[in-house]
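First up is the structure itself, then whatever we jot down about it.
The values are calculated or read from the model by the stated rules, or taken from the named source; none is laboratory data. On a predicted model such as this, the values are computed, not experimentally measured, just so you know. No Cβ is skipped: glycine too gets one built from the backbone with ideal geometry, and neighbour counts run over all protein chains shown.
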Amino acid sequence: MAINQCELRPMGKPIHRKEDPRFIRGQGRYVDDIVLPNMLYMSIVRSPYAHAKIKSIHTEAAYQVPGVKLILTGEDLEKLNLAWIPTMAGDVQMVLATKKVLYQYQEVAAVIAETRGAAADAAQLVEVEYEALPVVVDPFRALQPDAPVLRDDREKQSNHIWHWEAGDREKTEEIFQAAPVVVSQNVRFQRVHPSPLEPCGCIADYNKATGKLTWYVTSQAPHAHRTVLAMVSGLPEHKIHVISPDVGGGFGNKVPVYPGYVCAIVASLQLGQPVKWIETRTENIASTGFARDYHMTAEIAADESGKVLALRVKTVADHGAFDAAADPTKFPAGLFSIVTGSYDFQQAFVEVDGVYTNKAPGGVAYRCSFRVTEAAYLIERTMDVLARRLNMDPAELRLRNFIKKEQFPYQSPTGWTYDSGDYEKTFKLALEKIGYHELRKEQAEKRARGELMGIGISTFTEVVGAGPSHSFDIMGIKMFDSAEIRVHPTGKVIARLGVRHQGQGHETTFAQIIGEELGLSADDVLVEEGDTDTAPYGLGTYASRSTPTAGGAAALCARRIREKAKKIAAHLLEVGEADVSWNGEAFEVKGLPSRKVTMSEVALAAYTNLPEGMEPGLEATYYYDPPNLTFPHGAYIAVVDIDKGTGAVKVRRFLAVDDCGNVINPMIVEGQVHGGLTEGFAIAFMQDIPYDEDGNCLAPNWMDYLVPTSLDSPHWETDRTVTPSPHHPIGAKGVGESPNVGSPAAFVNAVVDALAPYGVEHIDMPIFPWKVWEILRQNGVTE
Amino acid sequence: MQIRVTVNGRVHESDVEPRTLLVYYLREHLRLTGAHVGCDTTTCGACTVLLNGKAVKSCTVLAVQANGQEIVTIEGLERDGELHPLQKAFWEEHALQCGYCTPGMIMTACELLARNPFPTEEEVRKGISGNVCRCTGYVNIVKAIQSAGRQLAGQTADPENRSEVVSSGN
Ligand code: FES
Ligand code: FES
């Protein structure tokens, strides 16, 4: 097997993944693969109405189904004080509906039975009597004073949840007053869903004898989930054991705590038997954390030469029935303030209003750092609108406005400090590699022949590594992350981390970091995550935070071990510590490089032959609170051709040049970029969760909510520049979400560019062929 | 209902509820959990197995329909401790991330390569278009399948002859 894992100095090498052997054999262990003795199954009864009073619930018929053990309703949960639970965003959410339902597919009752089939059969027989109420699906309508107030449990009698702003309103205003050029564009980032291939689910296993709850769950953040459970259930935290086994993709969808989880736990507590709940695909799309749904207006003030001066943004964010968004509590629209992107604006002012509607709750950071995707899309779209207004090449406009290399660390007008970047270099590489100028020539020729070709650019600044505790928390818990490393006597290592991967390859990359720091092969390092009984406390894997936070923790933890190892090495080499140096693979006597000891030799000595008075063992724990976020960047270019007969857009080429700082495993980075681009492509061209005016979810499955297949998805080209993060222990930045953040704008810019001859300035996503066809028809291009 | 199926070369006799889907029969009765469930609509292919050599979505076949038939699942591909060339190629080409789609993807590729050992990129993309992967973006999956095809056909086989192979397969 071509596995090159045995080499030392593993950092930066395309080592094949250590996790793969189990997956390619079908031996992955996902939640639904786990079967426990006496396990029961749960099925959820959901509301067909988007807004209705619950007049009565009858469970008698359902209880007649053989094998039914328990049926839970909101009233049952009320007695336990669990009918409502806190959300991550500081709101409260119904677990099972009491009195009324607020969105279609809302959880109304939970049926627990001996088999999957019996639970599903009985769920059909739960009789719920509803009385329909007026439905509000449009967030702008929801804000009107005469709109029905949806959340009568709140003090504030309106559908307005919160107002949030960043930047300087007055100074921005002043620049707008005097600016020679102002453009304005309304842009909608539609409601989409992360839709990992494995839906969400759990098994709750409460042992009445020990009082311990073991909870297997599809979780991106097992420790945070444990704390939330302890807070809501009253079970002590040390008696809750959360295990997140292999997870079949998360993309943000597996961060929140869902009502189904709580019901399974309550059922297990009551019955003293394990209870499994695995969602259907429809439940996943129609009731768990969606993403985006931002209605945005951006205005740019500029001078005639195209130099941008100020940015003003107003946004309405549709959060559905409960504000269950994943956002640090200090800023409810998260990193939407990064909306100035890669450009040197003097001033900016951003405001967002959160609104309740009769839709599924959520607002998760789907492959995105807390609304940075919306921000990147908006600025890249609006920069193109400005270029068009000035009749300037969009590449030229960007080159004139980039934050320059010398300006880092760069203070953004909304208060963030960008750590490092070289935007011009990355962009120029992209232009050259794709042959931008030749493509423009080709486009001119095609246009002359009446053909439709477009080139779309997106040069984005990402912001990842949610962690600096001065700004980031989840329900008040600071977002540091952690590593614990033990070196065994034979020089083999077990490392446990507080994050939890869902396909990102942590078992390999963290082994590479630790191997590099300890002078060992990545083969010698076993990485374990996802078990709260063994791993140190951490906030989980989402928002591309694992490398910036846990990666930093792993490196610093290993360095802590190296400090002790050095003392032992000096003892073994019989010299003073000051005379020993680390050469990357061993400790050597300064000036006498042939006298050295390896980490394996030191490891054995740590248990057998220590300096007088030293504590035995070789292990360390490190909680890393990063000083700042990291700011990867990239330059993406899409080339599209449009079929005049059908309006279908063909992505002929797509080049992504990313800069995510120092790279741990280039093969994995490239794979992450491919995956993110495919999700970005889907958002640009295929995906939307629309609702009709009665609040019916119109895309609650993969027949209507489209996921790209191998036939839809383009071939991806990638390249890279490297600008290390100056403050990260290994200079890495994180990459997993960059392609999903950066690519939608490139696709849309390309389509708009192709249609520019017809005066098109903007098209909202998803760009279905019929939208393009309609534009062509109106312009007499097609029948 | 009583059924008798051969799975990965072993005969199993089982009593199943008539409504049991093949995927749940494999996963829950036989504890072969390699085939996964990802959708309710026959869209994702995570549950793909070979039924008499043909790739089928086992969420859309009843266990009773498999009565008397022969099934191969991902667990049946490894021979005497040797990974199947597709398994190796997926590993080498980084054709998986979360691994949830992987067993189904590999089973579909098995049938594809049996028909056409030297598929072009387009033919691979067409061949696996019933299998959704949410993580990899397909580029590396295509590479892995092509590389496995070359290995399966043996180094000596001449890719120039591929057109013949294709026509005989289709
Ligand atoms: S589970 Fe069978 S096709 Fe999706
Ligand atoms: S590897 Fe995750 S769905 Fe394919």
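Quick notes
- Residue within segment A:699-719 that is of a type in the set (G, A, S) and more than 10 Å from chain B (Cβ to nearest Cβ) present: yes
- The set of residues from segment B:28-46 being more than 11 Å from ligand 1 (Cβ to nearest atom) and either small (G, A, S) or at the interface with chain A (Cβ under 9 Å from one of its Cβ atoms) (or both) comprises B:E28, B:R31, B:L32, B:T33, B:G34.
- Close pairs (8 angstrom Cβ cut-off, 6 or more residues apart or separate chains): within 14 Å of B:L32 (Cβ to Cβ) in segment B:57-73, within 16 Å of ligand 2 (Cβ to nearest atom) and outside any helix (DSSP H, G or I) anywhere: B:S58/B:A35; B:S58/B:C47; B:S58/B:T48; B:T73/A:G26; B:T73/B:G34; B:T73/B:A35
- Of all residues assigned to segment A:256-279, at least one qualifies as being under 20 Å from A:E737 (Cβ atoms), assigned to a loop (DSSP other than H, G, I, E, B) and modelled with pLDDT under 95.
- Segment A:32-46: number of residues that are at the interface with chain B (Cβ under 10 Å from one of its Cβ atoms) and not in a loop (DSSP other than H, G, I, E, B): 2
- Here A:E615, A:E619 are screened, and the one residue that is without any contact (Cβ under 8 Å) to a residue 40 or more places away in the chain and closer than 23 Å to A:A483 by Cα is A:E615.
- Count of segment B:78-90 residues, restricted to those that are assigned to a loop (DSSP other than H, G, I, E, B) and either touching a Lys or Arg at 6+ places or on another chain (Cβ under 8 Å) or surrounded by 24 or more Cβ atoms within 10 Å (Cβ to Cβ) (or both), is 2.
- Residue tally, condition within 16 Å of ligand 2 (Cβ to nearest atom) and at the interface with chain A (Cβ under 9 Å from one of its Cβ atoms), over segment B:66-90: 4
- Some residue of segment A:23-31 being away from ligand 1 (no atom under 16 Å from the Cβ), part of a loop (DSSP other than H, G, I, E, B), loosely packed, with under 14 Cβ neighbours inside 10 Å and without any contact (Cβ under 8 Å) to a residue 24 or more places away in the chain: no
- Scanning segment B:111-146 for residues that are more than 8 Å from chain A (Cβ to nearest Cβ), surrounded by 24 or more Cβ atoms within 10 Å (Cβ to Cβ) and out of contact with any Asp or Glu (no Cβ under 8 Å at 6 or more places or on another chain) yields B:L113, B:P119, B:I145.
- Considering segment B:91-105, and only residues there that are more than 7 Å from every other protein chain (Cβ to nearest Cβ) and in a helix (DSSP H, G or I), the residue that is farthest from ligand 2 (Cβ to nearest atom) turns out to be B:G104.
- Qualifying residues in segment A:506-528 (those that are within 14 Å of chain B (Cβ to nearest Cβ) and crowded, with 24+ Cβ neighbours inside 10 Å) - the one nearest to A:L197 (Cα to Cα): A:H506
- Listed by first and then second residue, the pairs with beta-carbon distance under 7 Å, at least 6 apart or on different chains, first residue in segment B:36-52 and closer than 18 Å to A:V247 by Cα, second away from ligand 2 (no atom under 13 Å from the Cβ) and in a strand (DSSP E or B), are B:G45/B:K57; B:C47/B:K57.
- Matching residues, segment A:603-632, being closer than 12 Å to A:K564 by Cβ and in contact with a Cys (Cβ under 7 Å, 6 or more places away or on another chain): A:A620
- Screening A:Y103, A:Y49 for residues that are more than 27 Å from A:A224 (Cβ to Cβ), part of a loop (DSSP other than H, G, I, E, B) and in contact (Cβ under 8 Å) with a residue 60 or more places away in the chain leaves exactly one candidate, A:Y49.
Yes/no per residue for (1) more than 28 Å from A:V372 (Cα to Cα); (2) surrounded by 15 or more Cβ atoms within 10 Å (Cβ to Cβ); (3) hydroxyl-bearing (S, T, Y); (4) within 16 Å of ligand 1 (Cβ to nearest atom):
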position	(1), (2), (3), (4)
A:A147	yes, yes, no, no
A:E155	yes, no, no, no
A:W164	no, yes, no, no
A:G167	no, yes, no, no
A:P180	yes, no, no, no
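- Residue count for segment A:657-680, restricted to those that are touching an Asp or Glu at 6+ places or on another chain (Cβ under 8 Å) and under 17 Å from A:L197 (Cα atoms): 1
- Filtered by the rule that a residue be among the charged types (D, E, K, R), in a strand (DSSP E or B) and in contact with a Leu (Cβ under 9 Å, 6 or more places away or on another chain), segment A:345-387 gives a lone residue, A:D353.
- Looking only at residues in segment B:47-58 that are within 15 Å of ligand 1 (Cβ to nearest atom) and not in a strand (DSSP E or B), the one that is nearest to the other protein chains (Cβ to nearest Cβ) is B:C47.
- The listed residue being over 30 Å from B:W91 (Cα atoms) and of a type in the set (S, T, Y), out of A:S725, A:S743, A:S710: A:S725
- Strands (runs of 3 or more DSSP E) fully within segment A:146-248 counting 3 or more residues that are under 30 Å from A:N701 (Cβ atoms): A:181-192, A:201-207, A:212-217
- Segment A:452-480: number of residues that are of a type in the set (S, T, Y) and out of contact with any helix residue (DSSP H, G or I) (no Cβ under 9 Å at 6 or more places or on another chain): 2
- Residue among A:V760, A:V735, A:V722 that is hydrophobic (A, V, I, L, M, F, W, C) and free of Cβ contacts under 8 Å to residues at least 24 places away in the same chain: A:V760
- Close pairs from segment B:80-105: first more than 13 Å from B:A46 (Cα to Cα), partner away from ligand 2 (no atom under 15 Å from the Cβ) and assigned to a helix (DSSP H, G or I), Cβ under 6 Å, at least 6 apart: B:P85/B:A148; B:P85/B:Q151; B:P85/B:L152; B:L86/B:A148; B:A89/B:S147; B:A89/B:A148
- Residue in segment B:27-42 that is part of a strand (DSSP E or B) and either surrounded by fewer than 20 Cβ atoms within 10 Å (Cβ to Cβ) or in contact with a helix residue (DSSP H, G or I) (Cβ under 7 Å, 6 or more places away or on another chain) (or both) present: no
- The residue list A:K359, A:K330, A:K404, A:K425 contains one member that is in contact (Cβ under 8 Å) with a residue 40 or more places away in the chain and within 20 Å of the chain's Cα centre (by Cα), which is A:K330.
- Among the numbered conditions (1) within 16 Å of ligand 2 (Cβ to nearest atom); (2) more than 7 Å from every other protein chain (Cβ to nearest Cβ), the only one that B:V61 does not meet is (1).
- Only listed residue being hydrophobic (A, V, I, L, M, F, W, C), more than 20 Å from A:L429 (Cα to Cα), under 20 Å from the mean Cα position of the chain (by Cα) and surrounded by fewer than 24 Cβ atoms within 10 Å (Cβ to Cβ), chosen from A:L706, A:L698: A:L706
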